[in-house]
Amino acid sequence: MSIITKRGDEGLTDLLFSKRIAKTSVRIQALGSVDELNAALGLARVSGMHDDLVPIIDRVQEKLVAAMGQLATLPEDVSRYTYAAITEADVDWIEETATSLEARGVRFTGWARPGAEGAIGAAALDLARAVSRRAERNAWELHESEGGFSESVLLFLNRISDLLWIMARVESTPNEASERTPKFS
């Protein structure tokens, strides 16, 4: 079967459980933003960043796929959704990971200027952070208009932006991997 189905030619797209909705719907905006966040994290992942940050990105990406599944389920089908889902434990993991990275001495000393440190990985993480904030806003808009998904998804998306800010600051700090990390000068 070809990936080109032409099913979207009329402005509709598929959700889980054989449901179709307008591509311009709030739900699709939320899904698209989370998908874009996943892609932005992919860019950060291959930027040559510190090796210990890559598994964190991998786990966040895995959880974003679960979040997209939840967002792709209409409220009347929530009871049918039996796939991976974002839970309170995932929110706790984000918080614990952020706290662990902060223990390296990361502190807020003013607004970041993405790219100013010259580290490609840090700039990519800052881009992903900005996308994560849009994904959260879009998910909140969906939650307020239709609901039908766990509030853990909203909390998870909120915590991701904080985690990515911290990770970008860690990435901009030289370590043993900094010789292979591409830099702009």
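What follows is calculated from the coordinates using simple rules that are stated; it is not laboratory data. For clarity, every value in this text was computed on a predicted model and none was experimentally measured. Cβ: placed from backbone, ideal geometry, glycine included. Neighbour counts: every protein chain shown.
The local environment of residue 17, defined by Cβ-Cβ distances under 14 Å, has a net charge of +1 under the rule Lys, Arg +1 and Asp, Glu -1.
For the chain, the dipole from Cβ point charges (+1 on Lys and Arg, -1 on Asp and Glu) about the Cα centre works out to 540 debye, to the nearest 20. The Cβ shell under 13 Å around residue 89 holds other residues with a net charge of -2, Lys and Arg each +1, Asp and Glu each -1.
Spread over its residues, the convex hull of the C-alpha atoms of the stretch 1-105 is 146 Å³ per residue.
Note that the chain carries a Kirkwood radius of 17.5 Å, evaluated over its alpha carbons pair by pair. Using C-alpha pairs below 8 Å separated by at least 6 residues, the relative contact order for the chain is 31 percent.
With a Förster radius of 30 Å applied to the C-beta separation of residue 62 and residue 6, the computed FRET efficiency comes to 0.45.
Loop-located chymotrypsin sites (Phe, Trp or Tyr not before Pro) in the stretch 43-94 (DSSP state other than H, G, I, E, B) with a sparse environment of at most 13 neighbouring Cβ atoms within 10 Å: 83.
Sparse packing (at most 16 other Cβ atoms within 10 Å of the Cβ) combined with a DSSP loop state is found for the following trypsin sites (Lys or Arg not before Pro) in the stretch 21-98: 23.
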